[in-house]
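Report on the structure given below.
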Amino acid sequence: MKVIVIGGVAGGPSFATRLRRLNEQTEILLIERGDYISYASCALPYYLGDVITDMDSLIERTPEILKQKNNIDVLVRHEVTKITPASKTVTVKNLTSGVTFQESYDVLVLAIGSRASLPPIKGIETVANGCVLRNVTDALTIKSFIEQQQPQTATVVGAGPAGLEIAENLCQRGITVTVIDQLPQVAFPYDPELAELIATQLTQKGIKLILQQTIAEISAGGKTLHLADGTKLATDMLIFATGVQPNSELAAAAGIDLAADQHIVVDERLATNLPDIYAIGDVIETTSYITGLSTPSMLSSAANRQGHLLADIINGADWTYRGFIGTGIAKIFDLTASFVGYTEHMLKAAGITDYKTILITPFDHAHFYPGAKRLNLKLIFAAKTGKILGAQAVGERGVAQRIGELSTAITGKLSVYDLPDLELPYSPPYSTTRDPINTAGYVAINQLERKALTIKAAAITATELATAFFLDIREADKPSVGTISATKNIPLSQLRDRLDEIPTDRPVYITFRKGLNPYNAARILAGNGIKAILIEE
């Protein structure tokens, strides 16, 4: 059997090496149009920032190593220009010599990934002081530009997690960085309350944010940006981080089915609609493990696992791909931001509205142990069943641990009702006696059992703002927070003694504060016959 793999970054090498471990007789040929294979693309921003100084350390396998250790033939700087399913052949072009030839296959695996998606800006084709960061060659080009041109200013177009990682690393090199995005927030698809924390960190570190703005034109070879509002921005360096699109044109030309967003459609065995042609990684549309809805799987970790699984399937295993959860993480200066599953943005885009959310801010470890920091954790769950739909966390420590635990809970089909029962490790330097995941479960159950009613600040009507009673339960030494002005401040420590100051003839809201105190106040009031609603922001 001869297997050809097109694409050599993440899923392709994972598939090829796994298949070789399972089967010594199969002939395996991997074809990559770029200069390098099997590299850690997610680490490239840190190479720009000199956090990682050795590029060779990011290249996990070379063609020579794959041939020597795994008996896998590799062609780099070769592009497959045509797939002919009827004859089970591919047409290959040597990008160095221009020579074209054909290769036959018994099984074809498409791991062709995605490419940068550039916005249609007038003058973008004239840019000479920047590019995108998608591969090793891009990283080497940008690094060389920085070292030779010594730019003092840089502009990153795109405030998603990838763009922010680039911005941080350029800033760490002493470059003054501006980030531009057309959205009203950074770090999309994180939800606004988490994105606000990230934006604050960015500005504190000297990053200038220009949000809800687009570039109308680029001139002077990329050194002058004409914004849509008429202002001009000078920059020595320009990096685009404006999203990606699947490399699916080759597949489409061969008659492989594509989804509306141009991703390759595969079944539960990662097979396309054509015989003996499979696809993995960024280029495919699969199903969400959480909702069963169609979704792309745009993470290198998913591509690696899909490649490993597909090798077993092709070698005869009766296994299937269970679906994509989606778990990501990013370092943003002193903060870590991580998510799993759906955010509210994503749920609304999918037309899912029957859900609830909670936001808790416990300490990452015992408050009495030095260095305790707040962990901002948002949990999203089905309103009727408590099924976990997603979570996001932002903080200085303990973020990856909690999101990893919630990803495991989703994989195990646990609901919020199971979270209080999780026996998670405790020691003062690492956690609290009731881990934040346990606490999230308690608070979510309170929501579902209507022991604590909540409302988004934006959902309070103008009439309610004018007529309701807004209670601030902060202690005297605590600053006021939130966007809703309080009718009265009654510290939680005095609440039981001052219940007669709270009206019973109009709605009562407890203004936003982090922590469990607003919930405790609501329970005190409920125990005395007063229904209070917690304001979320």
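The values are calculated or read from the model by the stated rules, or taken from the named source; none is laboratory data. None of these values were measured; they are calculated from a predicted model. Backbone-built Cβ (ideal geometry, glycine too); neighbour counts: all protein chains shown. Quick note on the areas: whole protein, heavy atoms, side chains included, nothing else; ligands and nucleic acids left out. Shrake-Rupley method; radii C 1.70, N 1.55, O 1.52, S 1.80 Å.
Couple of notes before you dig in:
- Counting residues in segment 428-438 that are under 25 Å from the mean Cα position of the chain (by Cα), farther than 21 Å from residue 337 by Cα and surrounded by 15 or more Cβ atoms within 10 Å (Cβ to Cβ) gives zero.
- The residue that is farthest from residue 49 (Cα to Cα), among those in segment 181-201 that are part of a helix (DSSP H, G or I) and in contact (Cβ under 8 Å) with a residue 60 or more places away in the chain, is 193.
- Test set (1) assigned to a loop (DSSP other than H, G, I, E, B); (2) without any contact (Cβ under 8 Å) to a residue 60 or more places away in the chain; (3) under 22 Å from residue 414 (Cβ atoms) - residue 260 fails condition number: (3)
- Where a residue in segment 319-334 is free of Cβ contacts under 8 Å to residues at least 12 places away in the same chain and within 14 Å of residue 267 (Cβ to Cβ) and its partner, wherever it lies, is among the aliphatic types (A, V, I, L, M) and open to solvent by 50 Å² or more (accessible area, probe 1.4 Å), with Cβ under 7 Å and at least six apart: none
- Failed item in (1) open to solvent by 30 Å² or more (accessible area, probe 1.4 Å); (2) out of contact with any His (no Cβ under 9 Å at 6 or more places or on another chain); (3) assigned to a strand (DSSP E or B), with residue 178 passing the rest: (1)
Quick grid of which residues meet (1) farther than 30 Å from residue 388 by Cβ; (2) at pLDDT 90 or above; (3) out of contact with any Phe, Trp or Tyr (no Cβ under 6 Å at 6 or more places or on another chain):
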site: 434; (1), (2), (3): no, yes, yes
site: 449; (1), (2), (3): no, no, yes
site: 482; (1), (2), (3): no, no, no
site: 495; (1), (2), (3): yes, yes, yes
site: 513; (1), (2), (3): no, no, yes
site: 525; (1), (2), (3): no, yes, yes
site: 530; (1), (2), (3): yes, yes, yes
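- Residue 411 surrounded by fewer than 17 Cβ atoms within 10 Å (Cβ to Cβ) and farther than 19 Å from residue 443 by Cβ: yes
- Highlighted here are the strands (runs of 3 or more DSSP E) found entirely within segment 37-140 that include at least 1 residues which are over 32 Å from the mean Cα position of the chain (by Cα): 73-76, 78-84, 89-94, 100-104, 107-110.
- Across segment 72-131, the number of residues qualifying as among the hydroxyl-bearing types (Ser, Thr, Tyr), under 23 Å from residue 270 (Cβ atoms) and open to solvent by less than 30 Å² (accessible area, probe 1.4 Å) comes to 3.
- Residue pairs meeting the criteria (Cβ under 6 Å; at least 6 apart or on separate chains; first among the small types (Gly, Ala, Ser), in segment 350-365; second modelled with pLDDT of 95 or more and surrounded by fewer than 21 Cβ atoms within 10 Å (Cβ to Cβ)): 350/293
- Matching residues in segment 204-221 - criterion: being within 13 Å of residue 159 (Cα to Cα) and either open to solvent by 30 Å² or more (accessible area, probe 1.4 Å) or out of contact with any helix residue (DSSP H, G or I) (no Cβ under 7 Å at 6 or more places or on another chain) (or both): 208, 209, 210, 211, 212, 213, 214
- Of all residues in segment 299-349 being of a type in the set (S, T, N, Q) and in a helix (DSSP H, G or I), the one that is least open to solvent (accessible area, probe 1.4 Å): 306
- Test: residue in segment 50-62 that is of a type in the set (Gly, Ala, Ser) and closer than 29 Å to residue 330 by Cβ: yes
- The residues of segment 522-537 that are crowded, with 17+ Cβ neighbours inside 10 Å and not in a loop (DSSP other than H, G, I, E, B), listed by number, are 522, 525, 532, 533, 534, 535, 536.
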